[in-house]
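Trainee: First the structure, which I've put down as structure tokens, then a few questions once you've had a look.
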Amino acid sequence: MKRPVAYVAGTGRGVPAHVMTNHDFAALGIETTHEWIVERSGIHERRIAQPGESTCSMAAEASRSAMQKAGITAGDIDTIIFSTATADRLLPSTAVDLQAALGATRAAAFDISAACSGFVYGCTVGEGMIASGAAETVLVVGAEKMSGIVDWTDRSTCVLFGDGAGAAVLRRARNQPAQSHPRGILSSFLRSDGTLAELLYRPAGGTSMPLSEQVLADRSQFVRMAGREVFKHAVRSMAEACDRALDGARLTYADIDLLIPHQANVRIIEATAKHANISMDKVYVNVDRFGNTSSASIPIAIDEAIERGVIREGMTVLLCAFGAGFTWASMIIRF
Ligand code: ACO
């Protein structure tokens, strides 16, 4: 097994205080029921950003908490890698807003766009920068204000998503005792298939179809999703991603102490666990409380799992994700 070049020094999360339950959709005139949403997705409630809360402000809260737990200051950060599909504005990146908010004066900062797989993509890029010597300390953030891009008149999508942010500080793994189980990132796997982009996308609002009266009338600046197709691909791709991460680390499912899948839908999570032959008590699930927070979902789950003692020192954790693109990704981390 390779010796890890980077380890997770600290994690944090920042989620809006406002809770929206399934029952609250009635007040918006959305024809749905708590029972339908729970049966199809497992979601009971989600957090929704209120005026004054932004993708950057949630990210800053998550980052400060991660930095504090990692025992670093903003001046220690070499690079900020910011995964988001819900940038606060289109130019410049939300990463530079976070750089400014944190006062990370030495940091390079950039956004990456890989939808729900973005946190795992970001950790892989961060690990690579540490391996190349370009950085010693990397802040990886997944932050999403999904409430700003879903169509609140489309019941087939708006009930599924929520807002929030999660962050991790990656640092060079050095001076680890020559033990057989060093902590850090053991493997990662990234894939994409852009031929399927239009199964989950925002048709308009970019440069190919700028905002216009027609776009606003069609509501085509908002997320459109072919739910059943997405479901099918998600199950298949998350299973593949889990297998490939294990191959990369030369481990088997029996070596995995905890599976943290992207929190989109409890049925996709259960199918992934079944493929891996991992019992649900070794799978971290919080989609019931947060809905799908896209690239924030995995770092929020990691941070909660550490706080609750579900992830303990020495444990081997498998992350896997799937999202718009399509993109899919996985990573094995020993904590
Ligand atoms: N409340 C009540 N009824 C609804 C709702 C709602 N909120 N939304 C849709 N329906 C109705 C539909 O109109 C349809 O009615 P009809 O049969 O009369 O036409 C019926 O429910 C069934 O609709 P389907 O879309 O076929 O339902 P399905 O069982 O596929 O569940 C769901 C829909 C939950 C979206 C499912 O397909 C799914 O989970 N897909 C994956 C979505 C996902 O996880 N996306 C994110 C992954 S990638 C990422 O995270 C970015």
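The values are calculated or read from the model by the stated rules, or taken from the named source; none is laboratory data. Computed from a prediction, not measured in an experiment: that's the story for all the values here. Counting neighbours? That spans all protein chains shown, and the Cβs are built from the backbone with ideal geometry, glycine included. Only protein heavy atoms, including side chains, enter the accessible area calculation; ligands, DNA and RNA are left aside. Shrake-Rupley method; radii C 1.70, N 1.55, O 1.52, S 1.80 Å.
Trainee: Taking Cα pairs under 8 Å and at least six residues apart, what relative contact order does the chain come out at, in percent?
Mentor: 25 percent
Trainee: Could you compute how fast the range 39-147 diffuses translationally, taking Rh as the Kirkwood radius over C-alpha pairs and applying Stokes-Einstein at 37 °C with viscosity 0.692 mPa s? Give it in µm² per second.
Mentor: Value of D from the Cα-based Kirkwood radius: 227 µm²/s.
Trainee: Size of the range 184-334 along its principal axes in angstrom, Cα-based, largest extent first?
Mentor: Taking the Cα atoms of the range 184-334, the three principal extents are 56, 30, 26 Å.
Trainee: Can you pull the one-decimal nm distance between simple spin-label points at residue 113 and residue 226, each 7 Å off the Cα toward Cβ?
Mentor: Those two pseudo-labels are separated by 2.1 nm.
Trainee: Still on this structure, please answer the following. By the scheme Lys and Arg +1, Asp and Glu -1, what is the net charge of all other residues having a beta-carbon under 14 Å from that of residue 234?
Mentor: With Lys, Arg at +1 and Asp, Glu at -1, the neighbours total +3.
Trainee: If you plug each phi of the range 161-168 into the Karplus form 6.51 cos²θ - 1.76 cosθ + 1.60 with θ = phi - 60°, what whole-Hz ³J(HN,Hα) values come out, in order, with x for Gly and Pro?
Mentor: 10, x, 10, x, 8, x, 9, 9
Trainee: How large a share of the accessible area of the chain, in percent, is made up of carbon and sulfur atoms when the probe is 1.4 Å and the other protein chains stay in place?
Mentor: For the chain, the apolar C and S fraction of the accessible surface comes to 51 percent.
Trainee: Determine ³J(HN,Hα), in whole Hz, for all residues of the range 311-321 in sequence, where each value follows from phi through the Karplus function 6.51 cos²θ - 1.76 cosθ + 1.60 and θ = phi - 60°; x replaces Gly and Pro.
Mentor: Ordered by residue, 3J(HN,Hα) equals 9, 10, 3, x, 6, 9, 10, 9, 9, 8, 9 Hz.
Trainee: Compute the distance in nm between two label points, each set 7 Å from the Cα along the Cα-to-Cβ direction, one at residue 26 and one at residue 197.
Mentor: In this crude label model, residue 26 to residue 197 measures out at 4.2 nm.
Trainee: Over all distinct alpha-carbon pairs, what is the Kirkwood Rh of the range 278-333 in angstrom?
Mentor: 12.3 Å
Trainee: Amide H of residue 79 versus every other amide H placed in the peptide plane: which residues, excluding those fewer than 5 positions away on the same chain, fall under 5 Å?
Mentor: Correct list: 108, 137, 139.
Trainee: Amide H to amide H, which residues 5 or more places from residue 10 or on other chains are under 5 Å from it, using H placed in the peptide plane?
Mentor: 169
Trainee: Which log10 I(q)/I(0) values does the chain give at q = 0.09, 0.10 Å⁻¹ under the Debye formula, counting every alpha carbon as one identical point scatterer?
Mentor: Once normalised to I(0) and log-transformed, intensities are -0.43, -0.54.
Trainee: Enter the angle in degrees (range 0 to 90, nearest 10) between the Cα long axis of helix 118-132 and the first principal axis of the Cα atoms of the chain, meaning the one along which they spread out most.
Mentor: For 118-132 against the chain, the angle is about 30 degrees.
Trainee: Under the 0.36 nm per residue contour assumption, what length would be gained going from the current alpha-carbon distance of residue 131 and residue 217 to full extension?
Mentor: So the chain would gain 26.1 nm between residue 131 and residue 217.
Trainee: So what is the accessible area of the chain per residue, in Å², with the probe set to 1.4 Å?
Mentor: Dividing the accessible area of the chain by its residue count gives 42 Å².
Trainee: Scan the range 263-335 for GluC sites (Glu not before Pro) in coil per DSSP, keeping those whose Cβ has at most 10 other Cβ atoms within 10 Å, and list them by number.
Mentor: 313
Trainee: Tell me which aspartates and glutamates have Cα within less than 16 Å of residue 232's Cα, excluding those fewer than 8 residues away on the same chain?
Mentor: Excluding near neighbours in sequence, the set is 193, 198, 240, 270.
Trainee: Hey, another quick one. What do you get for trypsin sites (Lys or Arg not before Pro) in the range 255-335 restricted to DSSP loop and a cutoff of at most 13 other Cβ within 10 Å of the site's Cβ?
Mentor: Filter output for the range 255-335: 308, 312.
Trainee: Rg and Dmax of the range 2-98, Cα atoms, in Å?
Mentor: Values for the range 2-98 (Cα only, Rg and Dmax): 17.9, 55 Å.
Trainee: Using 0.36 nm per residue of separation minus the Cα-Cα distance, give me the extension gain between residue 154 and residue 254 in nm, one decimal.
Mentor: 31.8 nm
Trainee: For residue 174 and residue 73, what does the FRET efficiency come to when R0 = 22 Å and r is the distance between their Cβ atoms, rounded to the nearest 0.05?
Mentor: 0.70
Trainee: Under the Karplus relation 6.51 cos²θ - 1.76 cosθ + 1.60, θ = phi - 60°, what is the ordered set of whole-Hz ³J(HN,Hα) values for the range 75-83, x standing for Gly and Pro?
Mentor: Here the 3J(HN,Hα) series is x, 7, 7, 8, 9, 10, 10, 10, 8 Hz.
Trainee: Here's something else I'd like to know. Any chance you could give the angle, 0 to 90 degrees and rounded to 10, that helix 55-70 forms with the longest Cα principal axis of the chain?
Mentor: Taking the Cα atoms of the chain, the angle to 55-70 is about 20 degrees.
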